[in-house]
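Everything below concerns the one structure shown next.
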Amino acid sequence: MIILEGLTKSFGAHRVLDGVTLDVPDGQNTVIIGGSGVGKSVTLKCIMGLIEPDEGRVRVDGEVVQELSRDELTELRGRIGYVFQFAALFDSMTVAENIALGLARRGYDRAAIADRVEESLAVVELSGTEDKYPAELSGGMRKRVGIARAVALKPRYILYDEPTTGLDPITSAVMDQLMVRTRDLGVTGLVVTHDMRSAFCVGDRIAMLHEGRIRQVGTRAEIQATVDPVVRQFIEGRP
Amino acid sequence: MASRVHARDGFVAHVGRTTLETARALADVRTWSPLLVAQMRRLGVDSVPIALFIAVFTGIVLSLLSSYIFTGAVPFYFVGALVGKTVMMELGPVLTGMALAGRVGASIAAELGTMKVTEQVDALETLAYNPRAYLVVPRVLAATLMFPVITAFAMAVGVTSGWITSVNLLDLSTPEFFKGLRLFYRFKDIWFGLVKSASFGAAVALMGCVRGLDAKSGAEGVGQSTTRAVVLGCEAILVLDAFWALVLL
């Protein structure tokens with residue numbers, strides 16, 4: 001289970017997170033919604049230990065991320081997959097090499113790596129693209145390779161940063177299916193997005209981040225029936 | 001003015017921290033060792049043509065310049081002494097270092113800067129790699145090992161071009177040129193130049209890595225980091241040049 005306890009983070013004078021507290025239960029997809037620049041990606045990066053919060057703690061399986069040594073953090077990251085907003089594929093490597101990199105780090109032999117690469121590409125329906133470079137792929141394909149790279153490590157958790165942003169409706173739906181399928185494989189998902197169609201499709205629980213705090217958290221049905229005017233305005237997309 | 005001094009102090013501390021973290025990352029041999037040879041080829045072997053081009057013309061200019069200075073005052077065979085000493089101890093290492101600061105420093109800063117702004121460096125971390133071990137150590141080691149090799153070639157080519165120029169354009173025979181070359185030669189001349197160039201390599205690569213990993217988002221940010229890496233690499237070469245002259249001479 002991932003637990004966020006009072007996270008605060010400022011960049012210069014701008015306070016992005018102002019006491020974010022949230023539980024991410026196992027076996028479900030939790031979605032954080034909120035406008036652009038409210039700190040959704042920063043929250044994910046705090047969980048992964050890529051950004052140090054000014055105050056507050058992140059607990060993953062009982063371990064406090066901010067108190068881990070570099071080696072312990074490396075071990076923890078083995079349990080968490082991360083899908084970046086723009087995929088963040090290594091552009092000098094082929095698709096197969098991108099997926100294999102994390103597996104090689106964990107000491108898999110060549111045959112096991114090849115099997116795992118093939119298997120994870122099949123999950124995202126991109127078999128046959130092993131030898132392509134990221135520049136040869138569309139935006140949607142790059143994002144799916146990003147998911148394959150995360151899935152290949154068989155993580156306990158996957159953090160998705162704006163997985164459907166910039167994609168056409170059909171490719172977005174494919175991404176949503178992938179996130180649901182990954183959850184059905186037993187992986188806990190934490191998705192940040194401002195795409196409400198996607199949020200309602202993949203989210204078992206939805207939390208709204210507003211002005212640096214969690215404004216409301218609840219099941220999909222609870223959020224759809226919310227009377228909170230700020231949440232209502234956001235999910236209805238009213239100006 | 002005060003803020004600029006403060007910023008410079010902060011940068012020096014930042015470089016110090018990065019150097020320490022890079023030294024610690026040396027222990028992660030499993031990560032950096034498979035990448036070292038490729039970096040040695042990229043940063044070293046591929047830089048040989050530009051280094052040799054500079055060395056050829058340095059030798060030519062030095063022999064012509066020394067003949068101009070010595071005419072009527074000093075025996076002509078001193079041309080060989082001046083070309084040899086200057087190429088081996090100063091111009092070989094420094095001019096090669098400067099040229100590679102442009103080529104290698106810019107290349108490292110641009111590559112790492114692009115990786116930084118496209119979140120590839122964060123991606124490395126999420127895959128449980130230490131970016132210092134994966135990106136910085138192989139580049140700094142490769143430059144430290146390859147700068148002296150390239151400089152050795154540049155020394156040989158610089159002296160050779162000085163000799164050929166002296167024989168063909170000046171009134172100097174081959175035995176006279178080599179008499180002058182041997183006159184003040186000490187083995188220290190060579191290793192002094194090579195030790196300096198190893199330190200130049202480390203500094204140029206480190207500045208490239210530090211600036212690349214500090215790149216701010218966007219093409220402009222990467223461009224600024226690249227420019228700063230080259231300028232800082234050249235500055236570091238001049239400071240180290242003076243340092244080694246004080247310490248070793």
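Net charge of the neighbourhood of A:Gly6, taken over other residues with C-beta under 12 Å away and scored Lys/Arg +1, Asp/Glu -1, is 0.
If you sort A:Leu101, B:Leu26, A:Leu17 by accessible surface, 1.4 Å probe, largest first, the order is B:Leu26, A:Leu101, A:Leu17.
Using every pair of separate Cα atoms, the Kirkwood estimate puts the hydrodynamic radius of segment A:26-66 at 11.5 angstrom. Just to be sure I understand the rule: take each whole DSSP H helix in chain B, project its Cα atoms onto its long axis, keep it if the span is 20 Å or more and its mean Kyte-Doolittle hydropathy is at least -1.0. Which ones pass? Helix filter hits for chain B: B:2-25, B:48-70, B:137-169, B:187-213, B:219-248.
With a 1.4 Å probe rolled over the protein heavy atoms of all chains, the accessible area of B:Lys196, A:Lys45 falls in the order A:Lys45, B:Lys196, largest first. Semi-axes of the equivalent ellipsoid of segment B:123-244 are 40, 16, 12 Å, computed as sqrt(5λ) over the eigenvalues of the C-alpha gyration tensor in descending order. Reducing segment B:162-194 and segment A:77-147 to their Cα centroids gives an inter-centroid distance of 57 Å.
Rolling a 1.4 Å probe across all protein chains gives B:Phe153 an accessible area of roughly 110 Å².
Find out how many positive minus negative residues lie around A:Gly218, taking Lys and Arg as positive, Asp and Glu as negative, among other residues whose Cβ is under 14 Å from that of A:Gly218.
Local net charge: 0.
If you split all Cα-Cα distances of segment A:169-211 into 5 Å bins from zero, what percentages do you get per bin, shortest first? Each 5 Å bin holds this share of Cα pairs: 6, 22, 33, 22, 12, 4, 1.
Computed from the C-alpha gyration tensor, the three semi-axes of the ellipsoid equivalent to segment B:31-248 are 40, 15, 14 Å, from longest to shortest.
Measuring only protein heavy atoms, the 1.4 Å probe finds B:Tyr134 accessible over about 30 Å². Along its principal axes, the protein assembly as shown has C-alpha extents of 100, 55, 39 angstrom, given from the largest down.
Buried on complex formation within segment A:57-97 (loss of at least 30 square angstrom of accessible surface versus the isolated chain, 1.4 Å probe, ligands and nucleic acids ignored): A:Arg70, A:Arg77, A:Phe84, A:Ala88, A:Phe90, A:Asp91. For the peptide B:187-193, the mean number of other protein chain Cβ atoms found within 10 angstrom of a residue's Cβ is 0.
Annotation: A:His210 carries an accessible surface of approximately 50 Å², with a 1.4 Å probe and no ligand, DNA or RNA atoms counted. With no solvent and one equal point scatterer per Cα, compute the Debye intensity ratio I(q)/I(0) for chain A at 0.08, 0.16, 0.17 Å⁻¹ and report its log10, rounded to two decimals. The calculated log intensity ratios at q = 0.08, 0.16, 0.17 Å⁻¹ are -0.29, -1.16, -1.28. For the cross-link pairs A:Lys40/A:Lys132; A:Lys9/A:Lys132; A:Lys9/B:Lys116; B:Lys196/B:Lys216; A:Lys154/B:Lys216, the ones whose C-alpha atoms lie over 29 Å apart are A:Lys40/A:Lys132; A:Lys9/A:Lys132; B:Lys196/B:Lys216; A:Lys154/B:Lys216.
The values are calculated or read from the model by the stated rules, or taken from the named source; none is laboratory data. All figures in this text were calculated on a predicted structure; none of them were measured in a lab. Every residue, glycine among them, receives a Cβ derived from its backbone with ideal geometry; neighbour counts consider all protein chains shown. Areas reflect the complete protein model, heavy atoms only, side chains present, ligands, DNA and RNA absent. Shrake-Rupley method; radii C 1.70, N 1.55, O 1.52, S 1.80 Å.
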